[in-house]
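The values are calculated or read from the model by the stated rules, or taken from the named source; none is laboratory data. Keep in mind that this is a model prediction, so the values were computed, not measured. Methodologically, a virtual Cβ is constructed for each residue, glycine included, from the backbone with ideal geometry; neighbour enumeration extends over all protein chains shown.
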Amino acid sequence: MHDFGFPPMGGGGFFNTMSTLFPIIFIVILGIIIATFVSNGVKYAQNQRSPQKSVFATIVSKRTYVEHHSSHHANDHMHSSTSRTHYYITLQFDNGERKEYLDVKNLYGLVAEGDTGYALVQGEWIVAFERSVEGSRERAY
């Protein structure tokens, strides 16, 4: 009988390394997922607790960010995919400062770059925008 350098049934080398590494990798990935959920929850709570303030500003830009999540289940040959679009509006204030806010009240389609008026902001969110009649651009449709 030839000995190829592998221990008989159940052991050694690669398998011992994998049985040690797998739980560590699993715990690290689980920790990252939990940390992400906690971080998002803390951000949400901070924004929710922040006072609302009305500021005079001009909308200088709008942008979207699309998150894609997909998974493939090999056993039943299923593929699922989801996406979520985040909308952001950047305001410029009278002092020249600019700040980007997450649109949580679906204002994105109702405002245009160049619109001037009063924005109601809460933490990192923009929750309302009232266009100033004298500051708005005239649009021809």
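Filter segment 29-52 down to residues that are of a type in the set (D, E, K, R) and either over 30 Å from G114 (Cβ atoms) or not in a helix (DSSP H, G or I) (or both), then give me how many there are.
So the first thing to find is which residues in segment 29-52 are of a type in the set (D, E, K, R), and the list is 43, 49.
Narrowing further to those that are either over 30 Å from G114 (Cβ atoms) or not in a helix (DSSP H, G or I) (or both): 49.
The total comes to 1.
Would you say L102 is hydrophobic (A, V, I, L, M, F, W, C) and surrounded by 13 or more Cβ atoms within 10 Å (Cβ to Cβ)? Let's see the steps before the verdict.
Working: hydrophobic (A, V, I, L, M, F, W, C): yes; surrounded by 13 or more Cβ atoms within 10 Å (Cβ to Cβ): yes.
Answer is yes for this residue.
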Item to check | Unique match (being more than 19 Å from G123 (Cα to Cα) and at pLDDT below 80) among H72, H68 | outcome: H72
Item to check | Filtered residue count, segment 70-100, keeping only those that are under 30 Å from F129 (Cβ atoms) and not charged (D, E, K, R) | outcome: 13
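When you scan segment 36-56, do you find a residue that is among the β-branched types (V, I, T) and in contact with a Lys or Arg (Cβ under 7 Å, 6 or more places away or on another chain), even just one?
The initial filter retains those residues of segment 36-56 that are among the β-branched types (V, I, T), namely 36, 38, 42, 55.
If we keep only those that are in contact with a Lys or Arg (Cβ under 7 Å, 6 or more places away or on another chain) too, we end up with none.
Within segment 36-56, not a single residue is among the β-branched types (V, I, T) and in contact with a Lys or Arg (Cβ under 7 Å, 6 or more places away or on another chain).
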Checklist entry - Is it true that V55 is among the β-branched types (V, I, T), under 24 Å from the mean Cα position of the chain (by Cα), within 27 Å of E113 (Cα to Cα) and assigned to a strand (DSSP E or B)? => result no
Checklist entry - Does segment 82-92 contain at least one residue that is at pLDDT 95 or above, in contact with a helix residue (DSSP H, G or I) (Cβ under 6 Å, 6 or more places away or on another chain) and not small (G, A, S)? => result yes
Checklist outcome for this item: Residue count, segment 82-99, condition over 24 Å from N40 (Cα atoms) and surrounded by fewer than 12 Cβ atoms within 10 Å (Cβ to Cβ), comes to 4
Checklist entry - Which residue pairs have Cβ atoms under 6 Å apart, sit 6 or more places apart or on different chains, and have a first residue in segment 58-73 that is touching a residue at least 60 places away in the same chain (Cβ under 8 Å) and assigned to a strand (DSSP E or B) and a second that is of a type in the set (S, T, Y) and surrounded by 11 or more Cβ atoms within 10 Å (Cβ to Cβ)? => result T58/T116
Checklist outcome for this item: All-but-one check, I25 against (1) under 17 Å from the mean Cα position of the chain (by Cα); (2) at pLDDT below 95, failing number (1)
